[in-house]
Every structure is written in C-alpha cells, then in structure tokens.
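Below is one structure, written out as structure tokens; comments come after it.
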Amino acid sequence: MLKFIYVILMNLHKAPYMIPKMRIRANHPERYTEEQRYALVHHVIYLMNKTGKITTKAYGLENLPEEGGYMMYPNHQGKYDVLGIMYTHKKPCSFIMDAKKSHTVLVREFCDLVQAYRLEKDNPRQGITIINKVAKEVAAGKRYILFPEGGYKFNNKNSVCDFKAGSFKIALKSKVPIVPVALIDSYKVFNSFHLGPITTYVYYLKPITYDEYKNMKTQEIAALVKERISEKIQEVQS
C-alpha cells in the first residue's frame, strides 16, 4: 500500500496530462485502435514501474498461442497483478474484475482503455451475461485475464487459494486454450509494506487445449490449473 501511494505521488505532476489522454482514448474507441489504446496502457505501466523501481520479468512467452483467442488464468496476489501481465503481454488483452474496485482513478482508466468487464459479484444474472459475452469475444480471437481465486489476501507470501470452478465456464463455452499464469512476488508491489526496489515474475505456462479439458468438469479444470500454477511457484522458490 505504501508503494502504491509513493508511485502515485511521484507521478502526480504527470496526472494532468496522462489521465485526460487515457480518458480520451478510452472514450473514443472508434478513433483509436485496440493496439493504440493498449500501447498507452504499456506506457503508463512503464512510468509507474520506473518511478516505483519495479522490475517485472516474464518467462514462457513462447507458450502463448500465436493465433486466436485464449483465456489466461493467474493466481491472484494484489493490485499489480493485471499490470504485470499486461506489461509483459505484447498483444492486446483485457480482463474481468470486481466492479466495486474498478472506479478509482487510474483503475477506471485502465479498465476503459482495454474495455474490461466489471463483475458485480452479488448479481448472478449479470455474471452469466459477462460469461457469455467474454466467451463470444474470446472465440472470435480476443485474449482475457480472469483470476479464478476471485480475490486476494494482503501480503499473501505467494500462497495460492482455491480456484472457483465457475471461472472456467468461459473456456468451456469458447473452446479456446487455457493459459495458466504463475505470478511470483507480485504482492510486494502494492499489497505489502515493501518500499525498496522490487522484482516480480510472470510465468506463462504451457496451454491446456480444449481437447485436453473438454470432457472435464469445471471443478476438475480448476484443480488442474491450480496444481500447475502451484507447482511452478514451488519449483521457482525451491
């Protein structure tokens, strides 16, 4: 949390320029391509990382499918998770997040720039609508991030909680590859009391194809993805 405040304060002088620029591009997708909006996302994350002395290293980029859409399912550690993934993921991608946390400054701009979906956790009907919309978009070639844990604990020390089976309905409906993503030390950025330089790690694991999971129940898929992420975190830390 202290790092978040520090990064905001260090970039405060840029806010009168950057936030309106983000707002304009977000409000006019007809004038700015998906690539142009995503490039701005990259630039803003770069500025935040530079002033906050945050380094994010990515591994397994060769595992990302070159063609078509796919779903990325990472473990969830904190506010920096989406930024770390988008910063290392070259092609435009979007995400689904808790609506209640999506309306603060910068978070709102990031959401709107990549046309993220805001999930109302107490509204099952809206959740079904989002599942169907995202499944259709991913089947058509888009790439999405969805955190199957649904939330995170402050300063979680790289622990992985149970994955919610319903998160994988999108993959089953869209029949696209599932890319497990292991995040390590991401919590240190904005969800700990760490103030010094920080290095976080993003591991893109081997995709799970539709043929591999099509006959599995969502609970089985959730367990499989969690297992692969947990194994990678244990491997790296051992």
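The C-beta contact set for segment 27-47 (first residue closer than 14 Å to Tyr80 by Cα, second residue assigned to a loop (DSSP other than H, G, I, E, B) and open to solvent by 60 Å² or more (accessible area, probe 1.4 Å), distance under 9 angstrom, 6+ apart or interchain) comprises His42/Lys90. For segment 44-81, the set of residues classified as closer than 21 Å to Ala182 by Cβ, of a type in the set (A, V, I, L, M, F, W, C) and open to solvent by 20 Å² or more (accessible area, probe 1.4 Å) consists of Ala58, Leu61, Leu64, listed by residue number. On the stretch given as segment 172-190, residues that are open to solvent by 10 Å² or more (accessible area, probe 1.4 Å), assigned to a helix (DSSP H, G or I) and under 21 Å from Ile233 (Cβ atoms) total 2.
Residues are listed down the side, and each one gets a yes or a no for (1) over 23 Å from Val7 (Cβ atoms); (2) touching a helix residue (DSSP H, G or I) at 6+ places or on another chain (Cβ under 6 Å):
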| position | (1), (2) |
| --- | --- |
| Val82 | no, no |
| Pro92 | yes, yes |
| Ser102 | no, yes |
| Arg108 | no, no |
| Arg125 | yes, no |
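Scan segment 106-144 residue by residue and report those that are of a type in the set (Gly, Ala, Ser) and either assigned to a helix (DSSP H, G or I) or within 20 Å of His43 (Cα to Cα) (or both). Within segment 106-144, Ala116, Gly127, Ala135, Ala139 meet the criteria.
Conditions (1) surrounded by 18 or more Cβ atoms within 10 Å (Cβ to Cβ); (2) among the basic types (Lys, Arg); (3) under 14 Å from the mean Cα position of the chain (by Cα), marked per residue:
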residue: Val114; (1), (2), (3): yes, no, yes
residue: Lys121; (1), (2), (3): no, yes, no
residue: Asn132; (1), (2), (3): no, no, no
residue: Ala135; (1), (2), (3): yes, no, no
residue: Val138; (1), (2), (3): yes, no, no
residue: Tyr144; (1), (2), (3): yes, no, yes
residue: Asn155; (1), (2), (3): no, no, no
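Every condition in (1) in contact (Cβ under 8 Å) with a residue 24 or more places away in the chain; (2) assigned to a loop (DSSP other than H, G, I, E, B); (3) within 26 Å of Ala139 (Cβ to Cβ) holds for Met216 except the one numbered (1).
Within segment 157-171, the only residue that satisfies the criterion of being hydroxyl-bearing (Ser, Thr, Tyr) and either in contact with a Lys or Arg (Cβ under 8 Å, 6 or more places away or on another chain) or surrounded by fewer than 18 Cβ atoms within 10 Å (Cβ to Cβ) (or both) is Ser159.
Filtered by the rule that a residue be open to solvent by 10 Å² or more (accessible area, probe 1.4 Å) and outside any helix (DSSP H, G or I), segment 82-93 gives Lys90, Lys91, Pro92.
The values are calculated or read from the model by the stated rules, or taken from the named source; none is laboratory data. Predicted model, so just to flag it, every value in this text is computed and none were measured. Note that we place each Cβ from the backbone using ideal geometry, even for glycine, and neighbour counts take in every protein chain shown. Note: areas computed on protein heavy atoms with side chains; ligands, DNA, RNA excluded. Shrake-Rupley method; radii C 1.70, N 1.55, O 1.52, S 1.80 Å.
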